[in-house]
Each structure stands twice: as structure tokens, then as C-alpha cells.
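Q: Got a structure for you, questions after.
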Amino acid sequence: MTTNHQSRRQFLNQASALAAGTLASSVPAVSAWAQATPEYRMKFASNLPAAHPLNVRAKEAAEAIFKETGGRVDIQLFPNNQLGSDTDMLSQVRSGAIDFFTLSGLILSTLVPVASINGIGFAFKDYQQVWAAMDGDLGALVRAQIAKANLHAFDKIWDNGYRQITSSTRPISSPDDLKGFKIRVPVSPLWTAMFKAFDAAPASINFSEVYSALQTKIVEGQENPLAIIQTAKLYEVQKYCSQTNHMWDGFWFLSNGKMWAKLPKDLQDIISKHINAAALRQRDDVRRLNNSLEVELKVKGLRFNSVDPTAFRNVLKNAGFYRDWKAKYGAEAWGLLEKYAGKLD
């Protein structure tokens, strides 16, 4: 058995154990602190299935935080939209009803416009560019803007992955195949603008409703990283997967700004340490998953095809997509994007 298969098996065993547990209950006590009442009981929410690497690693981080704080901080996990849709949970973390929340920067852009800049179509060529930008000056600029919205973003963004287009009607092989194509996109102006530039018919739908929208043919297709296509079982209602890598997407790990500011410095340091370390492990999980998921999804019936990104990038350039979004983000943010991704417009 190869090392990759071993790693995959180990991850699945981990994920199965997590999914089988009751994530909405408190993290299990790890010592005599079990009988003590935690000083801080907190809620972490996400839109992803329990078995996704993000929730696996978030649970590990919560357990490590509980242990290192001597039971003072007990973070409860609520995966899979248990506390509402993305927009619902964003509102809750802003009001303080939720303490921690992971959200795509592209959806966060409805509140913090520059947060979607990492998702500019066909910008980042590979992960080397992505992590240099998001762990560097571009990520720092975005976090500073998030702070102005009274949210705290942790230093390390979590990986959602490069996004691929799936369809129930036809493979997407060239930009022409997107003309008139009814595709679900997240509730984000950037997604809508990009697919409109291809003359597609994008529909903004929260992730909690994606499976049913595909099943009932409200839309023909959707776009998501392979890990989500697999864990959310979207292959059950789709036939084709076009490996477009059309945008890279990540999850900012957010906390309520007022709650975070009131925490003692020692607890802030412990929480930050474990959440940022978990983010790095989750990035590696997604990388390993992506190396094996194409084969698994083919077995489940998805038909794969690759595309030439140059043709798609040229359509966006000719449609004025890059020019328009450069004006929206401003020269400073766009300059930092191109510092890592290269010239776009």
C-alpha cells in the first residue's frame, strides 16, 4: 500500500470517528477538569460536513485548547450548517451569538469587499503563489480590513481549494460551454460577475441548499473544490467534473471582535497557537485528499475533463473583468495581488 493510500486511510478513520460523535456537544474532558465548569463556553460553526478536514482539525484544536487552558475554554462544534446558512451565521458571529466561524472570503466580501480578492478568476497559478500571498502582504491587508468590521481573523487562512465546475448536462471544455449554463454560485458579487462575463446564468444559492437545487434541476451545475464535491456527495446529482481550477478559495477563521478583545492575553495566545497550527495541518489534509479524490469520484460515476485556462483567462480579460475589479479593489490591493500572481489586466 502506498504512503498516500495510508494517509488517506488514516484521514478517513479520523473523519469517521468525528462524524460518528456528537459534534454539537462539548469537547470531551481530558482529565480531572471534567467536573469543573469552564470559564468560557464558546461556539464554533461551519457550513461543511463533519467529515471535512476543516471540522476534523477544528475539533482537534478545540481539544488542545481545552487541555492547555486547564479546562477554562470549552469550544463546542456545530458543523454542517447546524446554526444556519452562511449569511445567517455571519450575522450571528457579528452579534456575538456565535464565537467562532469559518467563512470563504468571497462570501465575507458582502461585508468586507476586499476579502474576495483571492478568488479573482484564474489569478493564482499554483499553491506556491497562494500561500505566499495569503500568508504574506495580501493576507495581512485583508485581515486589517476584516478587523474594521469588528471581526478578528486568525493569521492562517484555511484551505478550501481550487474550484472545479460540475454539471448534470454537459462537460465544460471551453468558455463557449458556459454560455447560458445555469450554475449555482455562492452569495458573492465576484462569482456572479465572473460567470456573467462568460455569458452563463449564475444563481446565488447558500451552500445548505446546493444539493437540493441540483437534485431538482433548479440549476444544471455548481462549482466547488473536490473535497466538498466528495464530502457533500454532490457526485450523486452531477455527471461531469471539469477541472477548471478557475479560482482558489479559502476559509478565514473568524471570531467576534468584542469577545476576542475581552479575552485575557494568555488565552488569546493559546487559542491562536492551536487554531493557526490546525490550519496548516488542514492545508496538508486537503492537498493529500485532492491527490486521491479524482480516482474515487470517477468510481462514483463522475466523468472528468481538463481545460486550457488561457482561453478562459482571455475571455475575462476581453470582457473587462480584470479592469473592473481592479477599480473596485483599488490600486493598493490589486498591486499586492499582482505581486504574487503576476500581471492580470
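Q: Of the residues that sit in the range 270-279 and are over 14 Å from the mean Cα position of the chain (by Cα) and under 19 Å from LEU103 (Cβ atoms), which one is surrounded by the fewest Cβ atoms within 10 Å (Cβ to Cβ)?
A: The extreme case among them is ASN276.
Q: Among the helices (runs of 4 or more DSSP H) lying completely within the range 223-327, list those that include at least 1 residues that are in the same structural domain as ASP86 (by TED's automatic domain parsing) and either out of contact with any helix residue (DSSP H, G or I) (no Cβ under 6 Å at 6 or more places or on another chain) or closer than 19 Å to LYS125 by Cα (or both).
A: 257-262, 265-299
Q: Examine the range 135-153 for a residue that is assigned to a loop (DSSP other than H, G, I, E, B) and under 19 Å from TRP334 (Cα atoms), and state whether such a residue exists. Please lay out each step first, then the result.
A: Keep residues of the range 135-153 that are assigned to a loop (DSSP other than H, G, I, E, B), which gives 135-136, 149-150.
Narrowing the set further to residues that are under 19 Å from TRP334 (Cα atoms) leaves 135-136.
Yes, there is a match, as at least one residue in the range 135-153 is assigned to a loop (DSSP other than H, G, I, E, B) and under 19 Å from TRP334 (Cα atoms).
Q: Considering only residues that are basic (Lys, Arg) and closer than 26 Å to LYS317 by Cβ, which ones fall in the range 100-148?
A: Passing the criteria: only LYS125.
Q: Still on this structure, I have one more. Could you list, in sequence order, all residues of the range 81-107 that are of a type in the set (Gly, Ala, Ser) and surrounded by fewer than 18 Cβ atoms within 10 Å (Cβ to Cβ)?
A: Within the range 81-107, SER85, SER91, SER95, GLY96, ALA97 meet the criteria.
Q: Looking only at the range 207-216, decide whether some residue is free of Cβ contacts under 8 Å to residues at least 40 places away in the same chain, aliphatic (A, V, I, L, M), surrounded by fewer than 22 Cβ atoms within 10 Å (Cβ to Cβ) and not assigned by TED's automatic domain parsing to the domain that holds LYS328.
A: no
Q: Could you tell me whether any residue of the range 318-333 is over 30 Å from SER168 (Cβ atoms), surrounded by 15 or more Cβ atoms within 10 Å (Cβ to Cβ) and without any contact (Cβ under 8 Å) to a residue 24 or more places away in the chain?
A: Yes, some residue in the range 318-333 is over 30 Å from SER168 (Cβ atoms), surrounded by 15 or more Cβ atoms within 10 Å (Cβ to Cβ) and without any contact (Cβ under 8 Å) to a residue 24 or more places away in the chain.
Q: Could you list all residues from the range 165-187 that are in contact (Cβ under 8 Å) with a residue 60 or more places away in the chain and crowded, with 23+ Cβ neighbours inside 10 Å?
A: ILE165, THR166, SER167, ILE172, PRO186
Q: Can I ask one more? Residue by residue through the range 162-205, note down the ones that are aliphatic (A, V, I, L, M), closer than 19 Å to VAL307 by Cβ and in a helix (DSSP H, G or I).
A: Result: LEU178, MET194, ALA197.
Q: Further question on the same structure: Only residues that are within 24 Å of LYS328 (Cα to Cα) and not hydroxyl-bearing (Ser, Thr, Tyr): list them for the range 161-182, please.
A: Across the range 161-182, the qualifying residue is only ARG163.
Q: Looking at the range 1-117, what strands (runs of 3 or more DSSP E) fall wholly within it and have at least 2 residues that are of a type in the set (Ser, Thr, Tyr) and either at pLDDT below 95 or within 14 Å of the chain's Cα centre (by Cα) (or both)?
A: 100-104
The values are calculated or read from the model by the stated rules, or taken from the named source; none is laboratory data. All figures in this text were calculated on a predicted structure; none of them were measured in a lab. Glycine also receives a Cβ, built like all others from the backbone with ideal geometry; neighbour counts cover every protein chain displayed.
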